[in-house]
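Engineer: Got a structure here, written out as structure tokens. Questions coming.
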Amino acid sequence: GQLIQRIFWILLISIYKMPEFISNTIQLHVAKKEGENYRFLVLQRSDNVLIYPGLWQVVTGTVETGETASMTALREIYEETGLRPVEFWTIPYVAVFYDTPKDVIHASAVFGALVDNAQQVRLSSEHQNLLWLDYEECIDKLELPSHKEGTRIFYDFILRSKINKYFKNNNLK
């Protein structure tokens, strides 16, 4: 009885492979303060990129060899926008999504950055357009659920919270 049941489950698992679970990507939410309000950066992917052409998103990227997720977030914000954060947080949220073509479940570390108003965005070729939007406009413009949720948590638990000091990331250089 038990042996046959064990053999059944081994055969079932070998036939129906579950997707691999990996964590090598980041998501970074960028804001600047204007008076008492925040504006959030949203980027439109170039029409000529293979993945999600034309999609409105936040800064994203893949961890390179030898990098921590924090290092990747700081590299990606500079590569994609030319911006350098004045404050940097680890958002208490992990974005999870399924990549159908690769049959992989991704878990992305999520970060938040505050930039100075004087800094000018310099878009990389990965993006074709940018907008600085208030919170509600940002939520409406972003197209991926995890980007909307990451923005919500960044706004509620970091930008408008007295406990944001617990999530401060001291990896700024």
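Engineer: Which of the residues that make up the stretch 138-150 are farther than 18 Å from Glu36 by Cα and surrounded by 18 or more Cβ atoms within 10 Å (Cβ to Cβ)?
Structural biologist: Applying the first criterion (farther than 18 Å from Glu36 by Cα) to the stretch 138-150 yields 139-150.
Of everything in the stretch 138-150, those that are farther than 18 Å from Glu36 by Cα and surrounded by 18 or more Cβ atoms within 10 Å (Cβ to Cβ) turn out to be Leu142, Ser146, His147, Gly150.
Engineer: Take Tyr38 and decide whether it is hydroxyl-bearing (Ser, Thr, Tyr), without any contact (Cβ under 8 Å) to a residue 40 or more places away in the chain and either within 12 Å of Glu126 (Cβ to Cβ) or not in a loop (DSSP other than H, G, I, E, B) (or both). Walk me through it before giving the result.
Structural biologist: Numbers: hydroxyl-bearing (Ser, Thr, Tyr): yes; without any contact (Cβ under 8 Å) to a residue 40 or more places away in the chain: no; either within 12 Å of Glu126 (Cβ to Cβ) or not in a loop (DSSP other than H, G, I, E, B) (or both): yes.
For Tyr38, the condition - hydroxyl-bearing (Ser, Thr, Tyr), without any contact (Cβ under 8 Å) to a residue 40 or more places away in the chain and either within 12 Å of Glu126 (Cβ to Cβ) or not in a loop (DSSP other than H, G, I, E, B) (or both) - is not met.
Engineer: Can you tell me which of (1) more than 22 Å from Tyr166 (Cα to Cα); (2) surrounded by fewer than 19 Cβ atoms within 10 Å (Cβ to Cβ) is the one Val42 doesn't meet?
Structural biologist: With respect to (1) more than 22 Å from Tyr166 (Cα to Cα); (2) surrounded by fewer than 19 Cβ atoms within 10 Å (Cβ to Cβ), Val42 is out only on (2).
Engineer: On to the next question. Within the stretch 61-114, which residues are within 24 Å of Pro145 (Cα to Cα), among the β-branched types (Val, Ile, Thr) and either out of contact with any Ser or Thr (no Cβ under 8 Å at 6 or more places or on another chain) or part of a strand (DSSP E or B) (or both)?
Structural biologist: Thr62, Ile77, Thr90, Ile91, Val94, Val96, Thr100, Val104, Ile105, Val110
Engineer: Still on this structure: Do you know which residues across the stretch 138-157 are in contact (Cβ under 8 Å) with a residue 24 or more places away in the chain and assigned to a helix (DSSP H, G or I)? I'd like the intermediate steps shown before the answer.
Structural biologist: Filtering the stretch 138-157 down to residues in contact (Cβ under 8 Å) with a residue 24 or more places away in the chain leaves 138, 141-144, 146-147, 149-151, 153-155, 157.
If the condition is that a residue be in contact (Cβ under 8 Å) with a residue 24 or more places away in the chain and assigned to a helix (DSSP H, G or I), then Cys138, Lys141, Ser146, His147, Glu149, Gly150, Thr151, Ile153, Phe154, Tyr155, Phe157 are the ones that fit.
Engineer: Still on this structure: In the stretch 79-96, what residues are exposed (fewer than 15 other Cβ atoms within 10 Å of the Cβ) and on the phi < 0 side of the Ramachandran plot? I'd like the intermediate steps shown before the answer.
Structural biologist: Of all residues in the stretch 79-96, those exposed (fewer than 15 other Cβ atoms within 10 Å of the Cβ) come to 79, 82, 86, 92, 94, 96.
Within the stretch 79-96, Glu79, Val86, Pro92, Val94, Val96 qualify.
The numbers here are math on the coordinates, done by the rules we state, and not lab data. These numbers come from a predicted model, not from an experiment. All Cβ positions, even for glycine, are placed from backbone atoms using ideal geometry, and neighbour counts span all protein chains on display.
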